[in-house]
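Novice: Okay, here's the structure, questions in a sec.
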Amino acid sequence: MSLHAILVPKWGLAMEEGTIAKWQVEQGAEIKSGMEIVDIETSKIANVLEATVSGTLRALTADEGEVKRVGNLIAVVSDADEDDAAIEAFIAEYKEREALEAANIVAAPEPETIEAGGKRVRFMKVASAAEDAETPLIMLHGFGGDHANWMFNQADLAQVRDTYAVDLLGHGGSSKDVGDGTLDTLADTILAWADAVGLDTFHIAGHSMGSAVAQVVALKAPDKVKSLALLCPPAFGEALNHEYIEGFVSAQRRKAIQPFVEMLFADSALVTREMLDDLIAAKRVDGANDALQKIADNALSDAALADLRSKASGVTAPALAVFGEKDQIVTGRNIGGFGGKVETLPNSGHMPHLESAAAVNALVADFLAG
Amino acid sequence: MPTKSYREAINEAIDHEMARDENVIVIGEDVSGGAGCEGPDAEDAYGGVLGVTKGLVGKYGRRRVIDTPITESAIMGTAAGAALTGLRPVAEMMFVDFLGVCFDMIYNQAAKFRYMFGGTARTPLVVRAMIGGGFRAAAQHSQTLHPMFTMVPGLKVVMPSNPYDAKGLMIQAIRDDDPVIFLEHKAMYDMTGEVPDEPYIIPFGEAAVTRDGDDVTIVAFSMMAKRAAKAADVLAKEGISVEVIDPRTTSPLDVDTILESVEKTGRLVVVDESPPRCSMAADIAALVAEHAFHDLKGPIATVTAPHTPVPFSPSLEDIYMPSVDKIITAVKKVMK
């Protein structure tokens, strides 16, 4: 068999390095694919790396306690009878490449902030490495979320195009001044932001309220919007769960918000303490909760959504709608004049981009590829 | 998210509130520094003994960033009186060890105004002071005295264990209408962490569960919360699952979160840097023994400093402080 490198994995968009916490196996051990081989810790998460190949662990190139960058070599797997010199040459080649990379480190992407239409707008850009990148994709999160809701999708969809996950007005790091709190105002800010960053044409993927904003953007600027991918669009549900919205806005503590956040997922076990702590922390920023209340009252009223549904046939760009079979927030279907493609994911609730990330990424990538 | 130090987080919180409310003032020894001196280095020469209030005098002027003579009783008396008139003073007392000099103004005056004036008086006062050992600063500059303030009704007592909490708790402290004792661990000023640029609050009486676990609950305060987290990391590798609770405020105390955790784990270790008698460790052990006795699978353990002054000798001071190793030993003891 040939030589296989075991590298520090990348767990999540922000991971840059990991500490080798504990080797579960010793040099010379026979390992099998799927076997747990090493504990690695990052600032966000501790996890166990599983082998993806079987063979003899010929060399360990990282000591316990050592900090290694993502992609660094930590072990070599091969046959027991592979020549020692070949292993050493293999390691030397990696070390040389790592030294070169260390001199040209590209930091994990950080969100940027820009003034648009007089408001502060924060966004995360993940640029495509492709030479001829296609039309960029703007990603709009749902009510109470922020750009990080797309953490499992953005890098994947950035393979062939630049992607921009934007914090809607009143959310994340964007201004808490939401004006009248209508879909119109949220959409105007997205258009002003797109001008500010120099995007003439773009696709939009929107989740829940973000999909409603995307529809309004498409109605306002049909020449700019090339397509719409709408996840759990409230304009095409039979009903929006207002109990959820009210509960999310009024909850002040982790335990109070938990039952509402659990409604978002088909499997409520996905809701972690950290997720709830982060949501409560975001609500405690000055002005955040008042902004959410204003948006809930104006952008997400039944009248606002009915109005949007009535205008659905006015959207000329190709569109895709993806629903979660077990969605408890946008329930039922009221497709009306929607002329696009409709998909339903059987194992998802209201957060398919987190719960069924691979399926959503594939659906959106296929749709964008035409 | 931007990364900031504990020092910067506290500075930013005071800065936000001074910009938001002109009634917020800062008062203390050398909080700007250089008052009365001339020359280019006179303004903002210190910004507090460890630089926490650096830069504020340039933005808000000497009328709102007030250097005082070396007299704690005058600082505290001025601040308490100013709070009664509607100002929101943030009084810097340097080391918590010095509060004995002005304790009457704190426990017998500021803490009592609201109660004794039938609820008509408000005392929106923040008293900042440094706590903690490990700084080689000897017995009179190294104490961790939060239990003395926690036992006085009418005072709120805050002890942040990281930069994020420090900012949110300081903003809450300044907006609060009661006297707040805000205790900063002097060995943590350079600790960094993610801190949003915007103002935000963390309410008092809400513990942070910094790690979920099933076998043992550790309750730890201020810098000890960090050591408890390290101990939990080590213990996790040995198969012991530890839940770590940082109450963040000792008064009010989030008793519910502690009891719920002990209900789950059945075992409790309390870690605190102050000496053991009449302490938070004793207090929490008593609360759990009283309200969750039947959930306990074994005796409660505490890890505290010994009942002695803080030694100046570095090797003795290291032995004096609750360490990661001592926390691990205590957890293993309650697991038996």
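Novice: I'm checking my understanding of the structure. Among residues of the range B:314-327 that are touching a Lys or Arg at 6+ places or on another chain (Cβ under 9 Å) and not charged (D, E, K, R), which one is surrounded by the fewest Cβ atoms within 10 Å (Cβ to Cβ)?
Specialist: Ranking the candidates gives B:314 first.
Novice: Going through B:235, B:268, B:287, B:259 one at a time, which residue ends up being free of Cβ contacts under 8 Å to residues at least 40 places away in the same chain and either touching a Lys or Arg at 6+ places or on another chain (Cβ under 9 Å) or more than 23 Å from residue B:155 (Cβ to Cβ) (or both)?
Specialist: It is B:259.
Novice: Follow-up. Going by the conditions given, is residue A:167 farther than 22 Å from residue A:300 by Cβ, among the charged types (D, E, K, R) and in contact (Cβ under 8 Å) with a residue 12 or more places away in the chain?
Specialist: So residue A:167 does not fit the description; no.
Novice: Give just the number: which of (1) within 14 Å of another protein chain (Cβ to nearest Cβ); (2) more than 30 Å from residue B:243 (Cβ to Cβ); (3) touching a strand residue (DSSP E or B) at 6+ places or on another chain (Cβ under 7 Å) does residue A:291 not satisfy?
Specialist: (3)
Novice: Of all residues in the range A:262-288 being crowded, with 18+ Cβ neighbours inside 10 Å and under 19 Å from the mean Cα position of the chain (by Cα), which is farthest from the other protein chains (Cβ to nearest Cβ)?
Specialist: A:266
Novice: Considering the range B:142-167 alone, what residues qualify as being assigned to a loop (DSSP other than H, G, I, E, B), more than 18 Å from residue B:105 (Cβ to Cβ) and not polar (S, T, N, Q)?
Specialist: B:159, B:160
Novice: Here's something else I'd like to know. Got a number for residues in the range B:124-136 being assigned to a loop (DSSP other than H, G, I, E, B) and either among the charged types (D, E, K, R) or crowded, with 24+ Cβ neighbours inside 10 Å (or both)?
Specialist: Qualifying residue count, the range B:124-136: 4.
Novice: If you don't mind, there's one more thing I want to ask. Taking the condition in a loop (DSSP other than H, G, I, E, B) and in the same structural domain as residue A:134 (by TED's automatic domain parsing), does residue A:188 pass?
Specialist: no
Novice: Among the strands (runs of 3 or more DSSP E) lying completely within the range B:186-284, list those that include at least 3 residues that are out of contact with any Cys (no Cβ under 7 Å at 6 or more places or on another chain) and away from chain A (no Cβ under 14 Å).
Specialist: It comes to B:216-220, B:249-251, B:268-271.
Novice: Okay, moving on. Do you know which residues across the range B:167-185 are away from chain A (no Cβ under 14 Å) and under 22 Å from residue B:224 (Cβ atoms)?
Specialist: B:173, B:180, B:181, B:182, B:183, B:184, B:185
Novice: Residues of the range A:312-347 being modelled with pLDDT of 95 or more, in a loop (DSSP other than H, G, I, E, B) and in contact with a Gly (Cβ under 7 Å, 6 or more places away or on another chain), which ones?
Specialist: A:318, A:326, A:327, A:328
Novice: A further question follows. Can you confirm whether the range A:58-65 contains a residue that is farther than 17 Å from residue A:23 by Cα, of a type outside the set (Asp, Glu) and either within 14 Å of another protein chain (Cβ to nearest Cβ) or surrounded by 14 or more Cβ atoms within 10 Å (Cβ to Cβ) (or both)?
Specialist: no
Novice: Conditions: (1) within 14 Å of chain B (Cβ to nearest Cβ); (2) modelled with pLDDT under 80; (3) part of a loop (DSSP other than H, G, I, E, B). Residue A:15 meets all but one. Number of the miss?
Specialist: (1)
The values are calculated or read from the model by the stated rules, or taken from the named source; none is laboratory data. The structure displayed is predicted, hence computed values, not measured ones. With ideal geometry, Cβ positions are generated from the backbone for all residues, glycine too; neighbour counts draw on all protein chains shown.
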